[in-house]
Structure formats: structure tokens, C-alpha cells
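Every number in this text was worked out from the coordinates using simple rules, so none of it is lab data. Everything numeric here is computed off the predicted structure, so don't read it as measured data. Note that each Cβ is placed from the backbone with ideal geometry, even for glycine, and that neighbours are counted across all protein chains shown.
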Amino acid sequence: MNFSRIWATARRILSQLRHDPRTIALMIIAPIFLMTILKYVYNDQPQVFQRVAGSLLGVFPMLVMFLITSVATLRERTSGTLERLLILPITKLEFILGYALAFGIAAFIQAVLVTSAALGPLGLKIAGSQLTLISVAVFDALLGMGLGLFVSSFAKTEFQAVQFMPAILLPQLLLSGLLAPRASMPRALEIISNFLPLTYAVDATRKVISGSTGFTTDFSLIVLFLLALLGMGAVSLKRKSE
Amino acid sequence: MSASVTTRNLRIVRDGKTIINDLTFEVGKGLIAGILGPSGSGKTTIFRSIVGVQKITSGEITVLGQPVGAKDLRTRIGYLTQSASIYSDLTIVENLRYFAKVLGTSEISIDEILDLVDLRKNKKQLASSLSGGERARLALATALLGKPELLILDEPTVGLDPVLRIELWNLFHSLAAQGKTLLVSSHVMDEAERCDSLILLRDGEILAQGSPSQLKAQTGEDEMEAVFISLVGAR
């Protein structure tokens, strides 16, 4: 594995983002905007804001990165740049890690700003540390990236890629325990939710915020899901086609 | 003379349809070989198989003395795809810098290559704002990075004005004079005259191969256009 090729790929992706200031602005402003709305929606029930906003801090970065990655990698496929790259000395894993590094950096900036806004002006209270919360948000974002990378290989057009968000992420969101506690769901749904990465993204964030135990297990599962998705993403890149 | 590219009985079937049928040819080192044929005749598929991104049904391909797809070939082949495979949201120089890094070649040569394709003056321009011809030249520049021994150029001059076309063909000849091998596809018959050897293709099969003068002698025609038409008619 060659780190300079990974870094070159990450830098290239970040340069592409830099030439697109509107996307950067949307990535940062949209979650803060939503958080602000949420605060006023639950103006009379601050304890509900505490619960929902906390979990959403883990969900927003995931949604955003999922969308950006699935569209970005699909563009690499359709523009021919991916095929062009794979005949050069870069390996599939280096390519994927380049994406992970670039979007990890983007996710870090997003997470720092969004959690700062939530903890500062929006008055969210957390029992754990802000640094832990940011780390969880970054890993949630990477999880979204991993999912986006993997599902984009099943999309032939950008329309399809975008539709994967409601198809893949929204069911996970419904089952994640964000809307209703998982224990209160029918047994079958609860079992399914145990196998969904977003469940652990929501759980981990919630535990940092409430300061309850079991955070390490959730966090380790997020990392495991991430590694599996990156691996599957790398396998889904094909050097040769029919 | 050693061959840079050899294919033997190459056959490619896609969805039950034969795209390339029993293709055998050889391209000598330091030569410019032209693959000519109407669109849909299989030119791009042949190039993709030489580069190693096309699944082949049967047959053999040897590139620069190695079986196709060998790891070591990745820095030795420059491939220009038909539609420019570049990042539209990066500048010219950012595109080249990235491909140079991936290839592991120095970035110093970038200006030199930009001069070759006449893009140095607008190197800070975003690729999305380039004209069709400029995009094609940027893609060519990325293929030239790392000084590959074999250049596979899929319709490199399509959409370019006549002056630029002549300049590029001069560049191709100077590259060949340095010992590089070029495989160029085109559907413009007047470009055939500029190649050392030709492969005329139709429906995935070779109609004829040889030097331009050989093909003219074979058919008794003076124009490549007429040569092609006469060969098609002879079948």
C-alpha cells in the first residue's frame, strides 16, 4: 500500500470539493439549519430536543456523506475516470482509502461545526465529552460514506444513486430507535435493527450524550461495519468489464 | 523487429453477440498503427482489451512482451479514451498533478507535456470550462504522463481543427521516432495516410491489413477512402 497515492487521491477529491463552494456551504449549513428548526419545534419540550437532536447529530453526517459519496463515485464510473485510474498503478484499496480520508476530513470539519452549534447557541447538554461526540459523528459520516460507496456500484444512473437514500437509509432510520424505542418494536423488526449500521450510529451518539454505559460496544460495531463496507466497496470496483 | 502488441485469434462475445471475431495482428515497436473502421466496428473494444479492462472470450494478447493485464504494464501504457476521462471540476494542472502522482512520476514534467498539447497558457482553467478540443488535448496530456512506451489513442483528433490535427500528428511521429509505439483509431480515412501500418476493421473482423501503399497497390486505388470502399465491396 502506497500512502502517497492515497493522499493524492484524497487531495484530489478535496480539490474537487473546493471548486464547489455551494456544496461545502450546504454540507455545513443544512445540518445547523435543521438543528435550529428542531430546537424551536420542541420549544416547549426541551427534553425531547435533547433526545432527538442528540441522535440526529449522528444521523446528519451519515445522510450527507452517503449522498455525496454515492454521487461522486457514480460520476467516477460514468465519466470513465475510474476505469482510467484502475489501469494505472493505484490499487482499489488505495482508491477507497483516498475517498475515506478525504470525506473523513470533510466529515470532521462538518462535525466540529455542527456539534459546536448544537452545544453552544442551541443549548444541547451532553454528559460525555465533545471530542467523543465529534469522533462518533466522524465515524458515522464514514459509515455513510462506506454505504454510499458500496451501493453506488448497484446504480447505473445518478437518478438511481439518489433514490438509494430513501431505499437504504430511511428504513434504517425508522428502525434505529430514533422514533420509537427498539425494545417496543415487534420482535422481528428489533432483530433486523440489530444488523443495521445506523442503529449503532444513533445508539453511540445517544450514549455519549446521556453518559450511559455500553458506548464502546456501539463504537466498535460502527468501526467493524465501516471496515466491512470499505472492503466490499473495494471488491465492488471492477478492473475488467464485459 | 520486436512487436509491441500482438493479438492471436482474439474473440470477444458480449451478450451472445460476437463483437470481435478471430482477430490476429501485430504492431511493431516504434511504429504508428492505425485501426480504421466505421463506428461500431470494434475499435474501442480492441483497445480496451489491449489495456486490460475488457473481458476476452478467447485468444491471446501480448503487450510489450508480457501477457495483457500484467502489473508492470500499468506504467508503460498510456491510454486515451474516446470520451475524455478527466475531472471536469479540477483545473488542467490539478488533473495532471493527480494522474502524475498516481503514476509516481515527477510533477516537473507537467509543463513540458502542457507545451506538447499547447495548453500551458490556460493551465489554471477548470476543465469544465474548456472547449471540446481542449478537453481532448488535456486527456491526451494525461495519457502522455510518465512517458509510456505504448500509446493507445482512441480517436485522438476527433473534433479538432485541421491545424491542431496536423500538429498532433507531428507529435505522434516525433514520439514514434523516439521509439514509442502508437496505436491510433480513427474513422477519418485521410489520417490513414499518416500511419505506418493499417488495420481496416468492419463488424469486428479485419478487412485488410498492411501499409497504406500496400493497401493501395492491392486495390489499385490512390485514395484511402476508395481503398476502404473497394475492400468492403470485395467481400
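The phi-based Karplus calculation (6.51 cos²θ - 1.76 cosθ + 1.60; θ = phi - 60°) puts the 3J(HN,Hα) values of the stretch A:17-32 at 5, 4, 6, 10, x, 5, 4, 4, 4, 5, 4, 9, 6, 4, x, 5 Hz, whole numbers, x for Gly and Pro. Dividing the summed -39500 (n - 2.57) terms of all DSSP H runs of n ≥ 4 by the residue count of chain B sets its mean residue ellipticity at 222 nm at -10000 deg cm²/dmol.
Rounded to the nearest 20, the size of the Cβ-charge dipole of the protein assembly as shown about its Cα centre is 1460 debye, with Lys and Arg at +1 and Asp and Glu at -1. The mean number of Cβ atoms from other chains found within 10 Å of a Cβ in peptide B:70-80 is 2, as a whole number.
At each listed q (0.08, 0.10 Å⁻¹), what is the log10 of I(q)/I(0) that the Debye formula gives for the protein assembly as shown modelled as equal alpha-carbon point scatterers? Here the Debye-derived log intensity ratios amount to -0.58, -0.80. In the stretch A:3-236, taking the dipole from charged Cβ atoms about the Cα centre, the farthest positive-side position among A:LEU169, A:LEU189, A:PRO121 is held by A:PRO121. In order along the stretch A:140-156, the Karplus-derived 3J(HN,Hα) couplings, from 6.51 cos²θ - 1.76 cosθ + 1.60 at θ = phi - 60°, round to 4, 4, 5, 4, x, 4, x, 5, x, 4, 6, 6, 5, 6, 9, 9, 9 Hz, and Gly and Pro are given as x. Simple rule: put +1 on each Lys or Arg Cβ and -1 on each Asp or Glu Cβ in chain B, find the dipole, and look at B:LEU160, B:SER213, B:VAL102; the Cα lying farthest toward the positive end is B:VAL102. Relative to one another, the C-alpha centroids of the stretch B:198-221 and the stretch A:1-45 are positioned 57 Å apart. Of the three principal axes defined by the Cα atoms of the stretch A:171-232, the extents in descending order read 33, 29, 15 Å.
Give me the dipole magnitude in Debye, nearest 20, for chain B about the Cα centre, with unit charges on the beta carbon: positive for Lys and Arg, negative for Asp and Glu.
Details: 26 positive and 28 negative charges, 172 e Å.
It comes to approximately 820 debye.
Taking θ as phi - 60° and the Karplus parameters 6.51, -1.76 and 1.60, the scalar couplings of the stretch A:75-87 work out to 4, 4, 6, 6, 7, x, 5, 5, 4, 4, 5, 6, 8 Hz in sequence order, x denoting glycine and proline. Each part reduced to its alpha carbon centroid, the stretch B:1-77 and the stretch A:145-170 end up 34 Å apart. Taking the Cα centre of the stretch B:84-147 as reference, the dipole from Cβ charges on Lys and Arg (+1) and Asp and Glu (-1) amounts to some 20 debye. Taken along its three principal axes, the alpha carbon spread of chain B comes to 52, 38, 37 Å, from the longest extent down to the shortest.
Comparing Cα centroids, the stretch A:51-122 and the stretch A:171-242 end up 17 angstrom apart. A cut-off of 5 Å between modelled amide H atoms, ignoring neighbours fewer than 5 places along the same chain, links B:LEU151 with B:GLY78, B:THR181, B:LEU182, B:LEU183. Highest mobility in the GNM of chain B, judged by mean-square fluctuation with C-alpha springs under 10 Å and restricted to B:ARG76, B:ARG14, B:ARG202, is found for B:ARG14.
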